[in-house]
Each structure stands twice: as structure tokens, then as C-alpha cells.
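The values are calculated or read from the model by the stated rules, or taken from the named source; none is laboratory data. It should be emphasised that the depicted structure is a prediction, and the values quoted were computed from it without experimental measurement. Note that we place each Cβ from the backbone using ideal geometry, even for glycine, and neighbour counts take in every protein chain shown.
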Amino acid sequence: MEGAQIPNCQSDGCTLIVDIFLRSSDGVLHAAHSKNLEMYGEGFPPSALVSVSRGGDTAQPEVVQMTEQSDIIELLLKYMHLQRQPDLSRHKFDTLAGLAEAAEKYLVYSAMDVCRIRMGLYVQDHPARVLAYAIKHDYPELRDVAVPLTLTMPLSTMKALLQDAPHGFIAWAQYREGFIEAMHSSLVPGTVVLHKGGVQSCGVWEDFHCAILRRIDLDSIRDFSRLIGEHKHQLDGCHHCTVRAENWAKSVAHRVSKLPLFSYFL
């Protein structure tokens, strides 16, 4: 600290004495207050354990090395003051995800719930990372919304994201396996609906069938009726082929509905 510029507390209007500094992983010092850390973050040590060394006549607050980056620590400290909480909608997902992890790590309850809510808003854009967060920190409602959106993710990606929750990765792999089996079963169309004269299908079925097969994947079988509906125009109004297509959609939907919930594997 000697010769370095001593930062002030960055929280608006804060007049509390700075008696500890948090150094971010990128080397930035953040002024803090041991009493606030103790009061707002259960994961921080009691203020009585904070030491203040003296160099000459100048008190030198303790410097604690943190694993989080500067922007995360700055945001986290704002939740450890008696003031209006920061507007997280102004920050990118990576910053929000970092703050959410820090809040859980240091048990900053004032930040944990709002982070959970904000993370839920990103479930469509970042389902795998939201799922990893929800599994690791036990948010079942958020977990169950995110997990179906991750079925097409590579195994290697999910294994890396869930390295801190290996039981979650095993459960995810088992859950996905059920959808893979359902997808393979869905390749077989519904029972033939005989046309006039005992004909099994007319000329429109083959093109329709091929179009559906080209689009079947782990995402589409979750809403197979919608996929069928998007291509129904190719059946050119044929009643018998339409009935067959609708039966196909119902059969796949029934099979998917019988798959165990993700929580079954945890």
C-alpha cells in the first residue's frame, strides 16, 4: 500500500471509515468496511479479525486478495451498504452472472434473490449457464425452466459448466437420453390412414414426410405439433394424410409427456 493511491469508498454518500481493502483479480483496490462485510455478507470473516498494521504514524488497512474481477466487487459492495440497490438491467449478462456467483459465495442475501430473478430473464439467451447456476445454488424453478432448452448443447460444454456440480451433469445426461430415445422413435410416422380404394398414401405425403424428418431434433420433438402444423400446407388439404400427420403429432407428444422430469434424476 505504501506509495499507492488509497481509494475511497465508491458507494454514494458513504462516510464510514475504510478499514479494509479488497483487491480484485485484475489488481484494483476497493475500499470497504469490515463491519459492513460482517453484517451483509455471512461469508466474510468477523470484523474483529480484521487487522490494521501501522507504518510510521499511518494506519494501513488490511488488503484481502479476491478471486473476482473489479466490476463484480464494485457491484457487490453496493449491496453491502444501507442505500438503494444498483440497477442490474444496465449490466451485461457476464457481469450479472459474476455478481450472482459472488453473492452466493459470500452469502450476500441482499443480492442473492435479485440476481436469481435477473438470471431468469436470460434463460432463453443463456440457458446452459443459467442451468448451471440454478443447479449449483439450488433454484429448482429456474432449473426446470432452463433444462429443456439445453438439450442440444454438446456434452463437453455441459460437463465444463457443471464441473462444480457433477451430480447435475449426470442427471442432465440421463434426462437428455430420454429425449434422444423419443427423437429416434419419432422418426416413424403415425399409422397409415387408408385413402379411397385402399391406397396407403397420395403423392403429397412423401414430400411432407421428408420435410418433417429433416427438421426433427431434440428441440423440435418438445413441440412436435407445432412442427407438423408448420408443414401441414404441404398435404394440400388431403383429409387422410392430415389425420395421419395429426396422429403422428399426438403419438410423439404422448411419448415426450411420459419422460421423467429432470428432478427425478437428481
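In this structure, residue 101 does satisfy being of a type in the set (Asp, Glu) and not assigned by TED's automatic domain parsing to the domain that holds residue 229.
Criterion first (modelled with pLDDT of 95 or more and crowded, with 17+ Cβ neighbours inside 10 Å) does residue 101 satisfy it? The answer is yes for residue 101.
Go through the residues of the stretch 213-223 one by one and say whether even a single one is hydrophobic (A, V, I, L, M, F, W, C), under 21 Å from residue 147 (Cα atoms), surrounded by fewer than 18 Cβ atoms within 10 Å (Cβ to Cβ) and under 30 Å from the mean Cα position of the chain (by Cα). Yes: the stretch 213-223 contains one or more residues that are hydrophobic (A, V, I, L, M, F, W, C), under 21 Å from residue 147 (Cα atoms), surrounded by fewer than 18 Cβ atoms within 10 Å (Cβ to Cβ) and under 30 Å from the mean Cα position of the chain (by Cα). Across the stretch 187-218, the number of residues qualifying as free of Cβ contacts under 8 Å to residues at least 24 places away in the same chain and among the acidic types (Asp, Glu) comes to 1. Sub-8 Å Cβ pairs linking a first residue in the stretch 116-131 that is closer than 14 Å to residue 92 by Cα to a second residue that is surrounded by 19 or more Cβ atoms within 10 Å (Cβ to Cβ) and hydroxyl-bearing (Ser, Thr, Tyr), at least 6 apart or interchain, are 119/133, ordered by first then second residue. Which residue pairs have Cβ atoms under 9 Å apart, sit 6 or more places apart or on different chains, and have a first residue in the stretch 156-185 that is in contact (Cβ under 8 Å) with a residue 60 or more places away in the chain and a second that is hydroxyl-bearing (Ser, Thr, Tyr) and part of a helix (DSSP H, G or I)? From the stretch 156-185, the pairs are 171/263; 171/264; 172/150; 174/264; 175/264; 185/251. Is it the case that residue 263 is over 25 Å from the mean Cα position of the chain (by Cα) and of a type in the set (Ser, Thr, Tyr)? No, not satisfied. The set of residues in the stretch 136-155 that are of a type in the set (S, T, N, Q) and either more than 11 Å from the chain's Cα centre (by Cα) or not in a helix (DSSP H, G or I) (or both) contains only 152.
Every condition in (1) under 27 Å from residue 105 (Cβ atoms); (2) among the charged types (D, E, K, R); (3) surrounded by 12 or more Cβ atoms within 10 Å (Cβ to Cβ) holds for residue 138 except the one numbered (3).
Identify the residue in the stretch 236-260 that is part of a helix (DSSP H, G or I) and charged (D, E, K, R) and, among all such residues, is nearest to residue 206 (Cα to Cα). Looking at the filtered set, the residue picked out is 244. From the list 263, 225, the lone residue that is over 27 Å from residue 199 (Cα atoms), among the hydroxyl-bearing types (Ser, Thr, Tyr) and part of a helix (DSSP H, G or I) is 263. When the residues of the stretch 81-98 are filtered to those that are outside any loop (DSSP other than H, G, I, E, B) and either in contact (Cβ under 8 Å) with a residue 40 or more places away in the chain or buried (at least 17 other Cβ atoms within 10 Å of the Cβ) (or both), the one that is farthest from the chain's Cα centre (by Cα) is 88.
Only one of the numbered conditions (1) surrounded by 13 or more Cβ atoms within 10 Å (Cβ to Cβ); (2) part of a helix (DSSP H, G or I) is not met by residue 233, and that is (1).
Within the stretch 19-46, residues that are within 14 Å of residue 79 (Cβ to Cβ) and in the same structural domain as residue 104 (by TED's automatic domain parsing) reach partners that are of a type in the set (Phe, Trp, Tyr) and in a strand (DSSP E or B) with beta carbons closer than 7 Å, at six or more positions or on different chains, in the pairs 30/21; 32/21. All told, residue 155 falls short of being assigned by TED's automatic domain parsing to the domain that holds residue 251, of a type outside the set (D, E, K, R) and exposed (fewer than 14 other Cβ atoms within 10 Å of the Cβ). Note on the stretch 72-106: residues that are charged (D, E, K, R) and within 16 Å of residue 136 (Cα to Cα) amount to 3.
If the condition is being within 25 Å of residue 266 (Cβ to Cβ) and surrounded by 14 or more Cβ atoms within 10 Å (Cβ to Cβ), then the stretch 171-196 contributes 171, 172, 173, 174, 175, 176, 178, 179, 182, 183.
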